[in-house]
Amino acid sequence: MSRRDQPTGPARDTIGTVTYTTPTGTAVGDPGLGLFGVLGRAPRDPGRVALVHEDRRLTFGDLAALGADVGEVVRRHRLERRVVGVPAERGPAFVARLLGLWGAGAVPAILGDWGRERVRGALAATGAAAVFAPSSAPAAGLEPLDVSANGGGHVGDDVSHVLFTSGTTGRPKGIVVGRAAFAAACAAFFEELPMDEADRVAFLSRPGHDPSLRELIAPWVTGATLFVPGPRTAADPRPAADWLAAHSITVLQGSPVLLQLMAGASPRPLPSLRVVCSVGARLTAAALRATARFAPRATVVNCYGASETPQVVCMYRVPPGQGVAGEDPVPIGRSLGHATIRIVPEPGVSGAANLEGRLQVESSACALGYTGGAALLTTDQDGRRWYDTGDVVRLLPDGDLCFLRRADRQVQVNGTRVELDEIEGAAALVPGVAGSVATFVEDGAGVGTVRLTVVRAPGAAVDGEEIRAVLRDRLDPAVLPSSIEVRDSPQDSAPDSAPDSGRNGARDGGLGGGLGGDQADAWGDEPAEDQAGKLWAVLDESARSVLGRTGIDPDGGFFETGFTSMSLMRFVSEVSIRLGREISPVLVFRYPTLRAFADHLRETLDDDLA
């Protein structure tokens, strides 16, 4: 079957321009998926493999049976049209729970790998009636919740699921995604990037993020097979690259930083890859070039969207071989067929500058709203409703769009979205904190890090470890600050010790110890022993700050000593800031221990200043 051919199936109706299968009840191979538009479009043999997890192979029939078990539990607890919390895990149980909840008419609220307080806040925000505990048995571990405390009730038939994003209050903000918009976005994505039963799709996106949902539903939409790595493989780009090669993966999604890490970790190119999607953050030319070398036969696709849209809205394709010559900025392309977009220039701007402004998306391609009643859409003078993305873009002469910057304090930390206000709001919950400023720095390769400067209240003794413990319980682990600097109150010390509350957006790098700014410029004026000592102090402090502990083995491999892909990127970014030098994240694979990394940096700094 051609990748452009549209598969045939049961009788269909339409919602707008979206074709979907008329629901006919739960059957083997179709656990009620006709409820969700594009799901169920591909003919499925119940005996054909749909998902491979480590050494386990699950057929469409196996997953239908697991989903039916989940659906039975949902109906037994009378949870139809109720919100049910689901831990986002990289495994068959997560897939089966989503299928079972959707098939039974319940609404999954997808929970990340968060601390207890953040999970509690997310469940309260949605009015969830129950929550599944982490478990390898999909139908096990359902815990009813007291909805009298959170105002929970039934939701409309038009709700698909709830995702969570960063708010400005220190608490997660739920995005209520509608069925029609979700179906339309998925249909448009797979029409632009056709797949079929010959494809092997990797589940390497962070579970619970909107890109991961495209991976999870790909078997039912296209007939492709989903490959799910084990937790150790997913956490370390080195075995992940080997895993991609061993399974001849053809379709891969990842943040630009993950793609760079994968390229740096792989000893050879992966010819099996035919589609690589960059998702979740700005695609830099450096990441594009690395990806093109890593996947020489693949079309590299820069995907633009937001959880509110709720999937990809714009897409820019780079044909095989052309990405190696990529330059910044990499366009985000044009809107997909299901979405209407517009550029709104700043008030008072006219002429050629009208080609630049804030990107807005019309309501039909957007989520239904936020939990708590916060406004998602605004209505224009013609009565049309729009979602303002907060992204400033430029219309290029060839019709493509190019992302320029944010218009607010929302940032992308290596693929995870966060409002800097949320980090400051969480810090404010720590007793003894009088104020704080979160700042964000991103290097030329797109590797970003958050730094937090905190002011103690007069007489308080709060320290960085206490603050980090609270943040770990309330924030997504991907956005935890790479460094926390605690300053005394102006009443207890010099007047200039308070942070500058007016700072936002891109940040400079002289907030904490190390060699930022003038110290880095003076590197070559000091004896070799002093240079080595200062460099080691920077690396040691950065590693302790990112991992939140001491006792790091300088001769142990980074991943063996407890780093993950996310924390390693925060470490590299923090070292870059403190040294005042841009450091490629790929270097951690060439010099995979703290000591080897230090030796390389010392030689590089000496050469730069020679």
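The values are calculated or read from the model by the stated rules, or taken from the named source; none is laboratory data. This structure is a prediction, so every number in the text was calculated from the model and none was measured. Ideal geometry is used to build each Cβ from the backbone, glycine not excepted, and the neighbour counts take in all protein chains shown. Surface accessibility is based on the protein's heavy atoms, side chains included, excluding ligands, DNA and RNA. Shrake-Rupley method; radii C 1.70, N 1.55, O 1.52, S 1.80 Å.
Can you run down the residue pairs with Cβ atoms below 8 Å, 6 or more apart or on separate chains, where the first is in segment 90-107 and in contact (Cβ under 8 Å) with a residue 60 or more places away in the chain and at negative phi and the partner is part of a helix (DSSP H, G or I) and aromatic (Phe, Trp, Tyr)?
Correct list of pairs: TRP102/PHE36.
Only residues that are open to solvent by 40 Å² or more (accessible area, probe 1.4 Å) and closer than 18 Å to CYS314 by Cβ: list them for segment 263-303, please.
ARG282
Here are some residues: GLY580, GLY562. Which one is closer than 18 Å to LEU480 by Cα, open to solvent by 20 Å² or more (accessible area, probe 1.4 Å) and touching a helix residue (DSSP H, G or I) at 6+ places or on another chain (Cβ under 7 Å)?
None of the other options fit; the residue is GLY562.
Of all residues in segment 195-214 being modelled with pLDDT of 95 or more and open to solvent by less than 10 Å² (accessible area, probe 1.4 Å), which is nearest to the chain's Cα centre (by Cα)?
Selected residue: PHE203.
Sort out which residues of segment 408-431 are surrounded by fewer than 24 Cβ atoms within 10 Å (Cβ to Cβ), in contact with a strand residue (DSSP E or B) (Cβ under 6 Å, 6 or more places away or on another chain) and at pLDDT 90 or above, and write them in order of number.
Residue satisfying the conditions is GLU424 alone.
Identify, by number, the condition in (1) part of a strand (DSSP E or B); (2) surrounded by 15 or more Cβ atoms within 10 Å (Cβ to Cβ); (3) under 20 Å from the mean Cα position of the chain (by Cα) that THR309 doesn't meet.
(1)
Contact list please: Cβ distance under 7 Å, first residue in segment 326-353 and at positive phi and surrounded by fewer than 17 Cβ atoms within 10 Å (Cβ to Cβ), second residue modelled with pLDDT of 95 or more and assigned to a loop (DSSP other than H, G, I, E, B), pairs at least six apart or on different chains.
As it stands, the answer is none, since no pair meets every condition given.
Could you grab the pairs with beta carbons closer than 6 Å, sequence gap of 6+ or different chains, first residue in segment 128-139 and surrounded by fewer than 20 Cβ atoms within 10 Å (Cβ to Cβ), second one not in a loop (DSSP other than H, G, I, E, B)?
PRO134/PRO87; SER136/ALA93
Quick one: GLU442 ticks every box in (1) buried (at least 22 other Cβ atoms within 10 Å of the Cβ); (2) within 30 Å of GLY264 (Cα to Cα); (3) acidic (Asp, Glu) except a single one, so which number is it?
For GLU442, the exception is condition (1).
Mind counting the residues in segment 249-281 that are over 19 Å from LEU568 (Cα atoms) and of a type outside the set (Gly, Ala, Ser)?
Residues flagged as over 19 Å from LEU568 (Cα atoms) and of a type outside the set (Gly, Ala, Ser) within segment 249-281 amount to 16.
Scan THR379, THR416, THR389 and give me the residue that is without any contact (Cβ under 8 Å) to a residue 12 or more places away in the chain and not acidic (Asp, Glu). Before the answer, list the steps.
On the way: THR416 fails: without any contact (Cβ under 8 Å) to a residue 12 or more places away in the chain; THR389 fails: without any contact (Cβ under 8 Å) to a residue 12 or more places away in the chain.
Of the residues listed, the single one that is without any contact (Cβ under 8 Å) to a residue 12 or more places away in the chain and not acidic (Asp, Glu) is THR379.
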